[in-house]
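Participant: Structure provided below as structure tokens; questions to follow.
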Amino acid sequence: MKHHVQLKKVRFEDEDYFKIEHFDHMRPFFMSIVSDSNHWMFISSNGGLTAGRKNANFSLFPYYTEDKLTESKEITGSKSIFHVYKKGRTYLWEPFSDRQFEKYEVFRNLYKSSLGNKVLFEEINEELGLTFRYQWSSGDRFGFVRKAFLHNDSKDEITVGVLDGIQNIMPFGVGSDLQNQSSVLVDAYKRNELHKASGLGIYALSAIIVDKAEPSEALKANIAWSLGMKNALHLVSSRQIDQFRKSGEVREETDIKAEKGAYFLFKQQVLQPSEEKTWMIIADVNKSYAAIAETISLINDETNLMRMVKEDIDKGNTNLRQLVASADGLQRTADTLKDARHYSNVLFNIMRGGIFDDNYAIEKQDFVQYLAKANKDAQKNWSVDLRSLSAKFQLAELKELASNHKDPNLHRLCIEYLPLKFSRRHGDPSRPWNRFSINTKDELDGSKVLDYEGNWRDIFQNWEALAISYPLYVEGMIHKFLNASTFDGYNPYRITKGGIDWESIEHDDPWSYIGYWGDHQIIYLLKLLELSEKYHPGQLNTLSKNEVFVYANVPYRIKDYQDILQNPKDTIDFDFDADKSIREAMANHGADAAILTNRKGNIHHVNFIEKILATLLAKVSNLIIEGGIWMNTQRPEWNDANNALVGNGVSMVTLYYIRRFLKFFDHLFTQESIKEASVSD
């Protein structure tokens, strides 16, 4: 029978979902399942997945590239095997598995919640009269929640021997590099234990993996436990799966060494006509012994634990909706698909660039910590000026502090300060060079963390949209842009709350390469400038008089013109000595140590006009008449799709944006009659 793949909008458990009917007739595709906290999940439409908290080093399942995850669906993530006893016969049913290809006539559907934080797989077996679903969701308190549904679609009583769970659970303390390079060695150190009274599985290393003759105890673990299937047997490995396929029987496991972790439940379930059984498996990472003991106590003593888990998930729904609403991501029109697309665009925009924590309110504690990390030496001199600030104050007060203070460094840091959260570099298992980290909470006490990080073009591209929702921060974004650019008119690789970063040469890494990522530099800056002039006319002109801007000190040295002519693909030298000294200075004195200094060793300050000129002249000096702007800084210039540039070539798009850039300033300077400006000699 031929099945047609269709997309529908449906309701499930009082939520909107998008449903793909017969998704198994498509090639497998990859999805990112989000949360309001620091969870991450990348899952293939065939069920293969990886997931964890914060970054790839806190994984619940192995962090592999997309192809390996898709191929590992039989051994990683969800696995369900049923012995169905019906009318005197026994049937083996393994939903979503290729092992039983064409054994039954089944229908498979895939659902993803409109909020983007839940995914549900459904297989309908009409021959057996059963439907099985499993859903992935998450909550900040309890972690990842896999909810299973087994429904009797028939008019007969059905008995089912259920073996259901998750496979290839990682122990705590295994980074992604170690797992990828030494997975067999990691297996040898694994220990999977069952706390029998509570049914909680503990997945830890027998010792931290180090090649040293010294004790190194593993003090944390990943965990899994269940609700809704009372008196079930538990397995903490996958060793008995084949045996269960043959006999329908298993023995409980309590302590398994040197095997991949798993968490399975086994029980005979009797379903009456139209009856549905549900159960949950809850899993989390990075748990101390105290946290494990607390969870065991909850399982044993709390009578409303199922409700608490549901409330944790519902709270995540509410928080995620509020995060997107804060960036104007909720809309209601006659076209619900466009509404969903708008929501999704805004969600991924704030995941990249961040969202402001509390509108224009600022927490003094975070601001003071930010100053200390930026400039450890000068921060002590500013303590008197900060005493007048309340525990929580408004952005207007911060701008007033900046304008009244004589120290240009405090002025700069005040204006640059952006209380963003929820940001992370874009990354997924197929981007090994682009690792992400979701810093939303403190590792020790769980308190809120405000942080952002992103590659240059990602951050400023996303801030353009964010500035429309929060226009009072647009000048801060402009300052961050200009102060992160270099004296030779280019920009570093990465922008973070704590400063800048650049690419270094790593001889053993084929992805290691250096170069200035100059693409989109003119237009991204211009968009922010245009927004500033739109919302705050005339404010840009006040910047030309004050020398409060700086230059980033990146250890790249652009070769001279004759050398570039000899080899236009090798245009930059990496200054190893400067790289070492800058990084050492940053560690000792703070992020401001990566700022250009003058001959006296003091931070070199310039005005707005000079910063604009440096950015502009870096492009104009590479003008090829009747061609465009020559891109020669070793890194891809993705902004010119017409020319399909990859690292080298002539960009017409950049030339067009330079004309728009010049027209903007022609109008701006004519209005204000600016005749001259001082620049560095």
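The values are calculated or read from the model by the stated rules, or taken from the named source; none is laboratory data. These numbers come from a predicted model, not from an experiment. Note that each Cβ is placed from the backbone with ideal geometry, even for glycine, and that neighbours are counted across all protein chains shown. The area values use the complete protein model at the heavy-atom level, side chains included, leaving out ligands, DNA and RNA. Shrake-Rupley method; radii C 1.70, N 1.55, O 1.52, S 1.80 Å.
Participant: Pick from the stretch 111-129 the residues that are free of Cβ contacts under 8 Å to residues at least 60 places away in the same chain and in a strand (DSSP E or B): which of them is farthest from Phe12 (Cα to Cα)?
Facilitator: So the first thing to find is which residues in the stretch 111-129 are free of Cβ contacts under 8 Å to residues at least 60 places away in the same chain, and the list is 122-129.
Still in the list and also in a strand (DSSP E or B): 122-125.
Values: Glu122: 12, Glu123: 15, Ile124: 16, Asn125: 20 Å.
Residue satisfying both the conditions and the ranking: Asn125.
Participant: Please note which helices (runs of 4 or more DSSP H) are completely contained in the stretch 484-583 and include at least 3 residues that are touching a residue at least 40 places away in the same chain (Cβ under 8 Å) and under 28 Å from Leu655 (Cα atoms). Explain how you work it out, then say what you get.
Facilitator: Numbers: elements: 521-535, 539-543, 561-566.
Here the list reads 521-535, 539-543.
Participant: Restricting the first residue to the stretch 607-623 and requiring it to be under 12 Å from Phe481 (Cβ atoms), which pairs with a second residue that is of a type in the set (Ser, Thr, Tyr) and in a helix (DSSP H, G or I) meet a Cβ separation below 9 Å and a spacing of at least six or different chains?
Facilitator: As it stands, the answer is Phe608/Thr542, since those pairs meet every condition given.
Participant: Output the helices (runs of 4 or more DSSP H) that fall wholly within the stretch 267-366 and possess 1 or more residues being touching a strand residue (DSSP E or B) at 6+ places or on another chain (Cβ under 9 Å) and closer than 30 Å to Leu7 by Cα, or say none.
Facilitator: Numbers: elements: 289-301, 305-326, 336-353.
Those helices (runs of 4 or more DSSP H) span 305-326, 336-353.
Participant: Pick out the one residue from Glu506, Glu475 that is of a type in the set (Asp, Glu), open to solvent by 30 Å² or more (accessible area, probe 1.4 Å) and over 16 Å from Val554 (Cβ atoms). Can you show your working first?
Facilitator: Details: Glu475 fails: open to solvent by 30 Å² or more (accessible area, probe 1.4 Å).
Just one listed residue meets the conditions, Glu506.
Participant: Also: Hey, among His25, His3, His83, which residue is more than 22 Å from the chain's Cα centre (by Cα) and either among the hydrophobic types (A, V, I, L, M, F, W, C) or open to solvent by 40 Å² or more (accessible area, probe 1.4 Å) (or both)? Let's see the steps before the verdict.
Facilitator: Numbers: His3 fails: either among the hydrophobic types (A, V, I, L, M, F, W, C) or open to solvent by 40 Å² or more (accessible area, probe 1.4 Å) (or both); His83 fails: either among the hydrophobic types (A, V, I, L, M, F, W, C) or open to solvent by 40 Å² or more (accessible area, probe 1.4 Å) (or both).
The match here is His25.
Participant: Okay, next question. Could you check the stretch 298-351 and list, in sequence order, the residues that are of a type in the set (Phe, Trp, Tyr) and in contact (Cβ under 8 Å) with a residue 60 or more places away in the chain? Let's see the steps before the verdict.
Facilitator: First, pick out the residues of the stretch 298-351 that are of a type in the set (Phe, Trp, Tyr): 343, 348.
Hit for the stretch 298-351 is Tyr343, nothing else.
Participant: Kindly establish whether Gly161 is part of a strand (DSSP E or B), in contact (Cβ under 8 Å) with a residue 40 or more places away in the chain and small (Gly, Ala, Ser).
Facilitator: Working: part of a strand (DSSP E or B): yes; in contact (Cβ under 8 Å) with a residue 40 or more places away in the chain: yes; small (Gly, Ala, Ser): yes.
For Gly161, the condition - part of a strand (DSSP E or B), in contact (Cβ under 8 Å) with a residue 40 or more places away in the chain and small (Gly, Ala, Ser) - is met.
Participant: In the stretch 257-277, which residue that is among the aliphatic types (A, V, I, L, M) and open to solvent by 10 Å² or more (accessible area, probe 1.4 Å) is farthest from Ser80 (Cα to Cα)?
Facilitator: Taking the stretch 257-277 first, the residues among the aliphatic types (A, V, I, L, M) are 258, 262, 265, 270-271.
Okay, now just the ones that are also open to solvent by 10 Å² or more (accessible area, probe 1.4 Å), so 258, 270.
Details: Ala258: 23, Val270: 17 Å.
Only one residue tops the list, namely Ala258.
Participant: Can you tell me which residues in the stretch 108-122 are of a type outside the set (Phe, Trp, Tyr), within 19 Å of His4 (Cα to Cα) and open to solvent by less than 20 Å² (accessible area, probe 1.4 Å)? Walk me through how you get there before you give the answer.
Facilitator: Just the residues of the stretch 108-122 that are of a type outside the set (Phe, Trp, Tyr), to begin with: 108-110, 112-120, 122.
Filter again for within 19 Å of His4 (Cα to Cα), leaving 108-110, 112, 122.
Across the stretch 108-122, the qualifying residues are Asn109, Leu110, Glu122.
Participant: Please go through the stretch 579-637 and pick out each residue that is β-branched (Val, Ile, Thr), open to solvent by 30 Å² or more (accessible area, probe 1.4 Å) and more than 21 Å from Leu413 (Cα to Cα).
Facilitator: Correct list: Val620, Ile624, Ile625.
Participant: Name the residue that is farthest from Tyr470 (Cα to Cα), counting only residues in the stretch 427-454 that are open to solvent by 20 Å² or more (accessible area, probe 1.4 Å) and in contact with a Phe, Trp or Tyr (Cβ under 7 Å, 6 or more places away or on another chain).
Facilitator: My answer is Pro432.
Participant: Return the residues of the stretch 194-213 that are assigned to a loop (DSSP other than H, G, I, E, B), closer than 21 Å to Phe142 by Cα and either within 34 Å of the chain's Cα centre (by Cα) or not small (Gly, Ala, Ser) (or both); say none if nothing qualifies. Before the answer, list the steps.
Facilitator: Taking the stretch 194-213 and keeping what is assigned to a loop (DSSP other than H, G, I, E, B), we get 196-199, 206-213.
Right, trim to closer than 21 Å to Phe142 by Cα and you get 196-199.
Hits for the stretch 194-213 are Lys196, Ser198, Gly199.
Participant: Of all residues in the stretch 214-229 being under 19 Å from Phe142 (Cβ atoms) and in a loop (DSSP other than H, G, I, E, B), which is least open to solvent (accessible area, probe 1.4 Å)? Reasoning before the result, please.
Facilitator: To start, the set of residues in the stretch 214-229 that are under 19 Å from Phe142 (Cβ atoms) comprises 220-229.
Cutting the leftovers down to in a loop (DSSP other than H, G, I, E, B) gives us 228-229.
Details: Gly228: 48, Met229: 15 Å².
This residue is Met229.
Participant: Which residue, of Glu302, Glu294, is open to solvent by 20 Å² or more (accessible area, probe 1.4 Å), modelled with pLDDT under 95 and of a type in the set (Asp, Glu)? Lay out the reasoning, then the answer.
Facilitator: Working: Glu294 fails: modelled with pLDDT under 95.
Residue meeting the stated conditions: Glu302.
Participant: Based on this model, can you work out whether Asn168 counts as polar (S, T, N, Q) and either surrounded by 22 or more Cβ atoms within 10 Å (Cβ to Cβ) or assigned to a loop (DSSP other than H, G, I, E, B) (or both)?
Facilitator: Numbers: polar (S, T, N, Q): yes; either surrounded by 22 or more Cβ atoms within 10 Å (Cβ to Cβ) or assigned to a loop (DSSP other than H, G, I, E, B) (or both): no.
Spelling it out, it is not the case that Asn168 is polar (S, T, N, Q) and either surrounded by 22 or more Cβ atoms within 10 Å (Cβ to Cβ) or assigned to a loop (DSSP other than H, G, I, E, B) (or both).
Participant: Any chance you could count how many residues in the stretch 28-50 are within 14 Å of Ser430 (Cβ to Cβ) and not in a strand (DSSP E or B)?
Facilitator: Of the residues in that region, 3 qualify.
Participant: Taking the conditions exactly as written (within 14 Å of the chain's Cα centre (by Cα), hydrophobic (A, V, I, L, M, F, W, C), under 13 Å from Pro429 (Cα atoms) and buried (at least 21 other Cβ atoms within 10 Å of the Cβ)), does Phe58 satisfy them or not?
Facilitator: Details: within 14 Å of the chain's Cα centre (by Cα): yes; hydrophobic (A, V, I, L, M, F, W, C): yes; under 13 Å from Pro429 (Cα atoms): no; buried (at least 21 other Cβ atoms within 10 Å of the Cβ): yes.
Considered against the rule, which asks whether it is within 14 Å of the chain's Cα centre (by Cα), hydrophobic (A, V, I, L, M, F, W, C), under 13 Å from Pro429 (Cα atoms) and buried (at least 21 other Cβ atoms within 10 Å of the Cβ), Phe58 comes out as no.
Participant: Among (1) over 30 Å from Asn319 (Cβ atoms); (2) aliphatic (A, V, I, L, M); (3) touching an Asp or Glu at 6+ places or on another chain (Cβ under 9 Å); (4) open to solvent by 10 Å² or more (accessible area, probe 1.4 Å), where does Leu185 come up short?
Facilitator: Evaluating Leu185 over (1) over 30 Å from Asn319 (Cβ atoms); (2) aliphatic (A, V, I, L, M); (3) touching an Asp or Glu at 6+ places or on another chain (Cβ under 9 Å); (4) open to solvent by 10 Å² or more (accessible area, probe 1.4 Å) leaves (3) as the failure.
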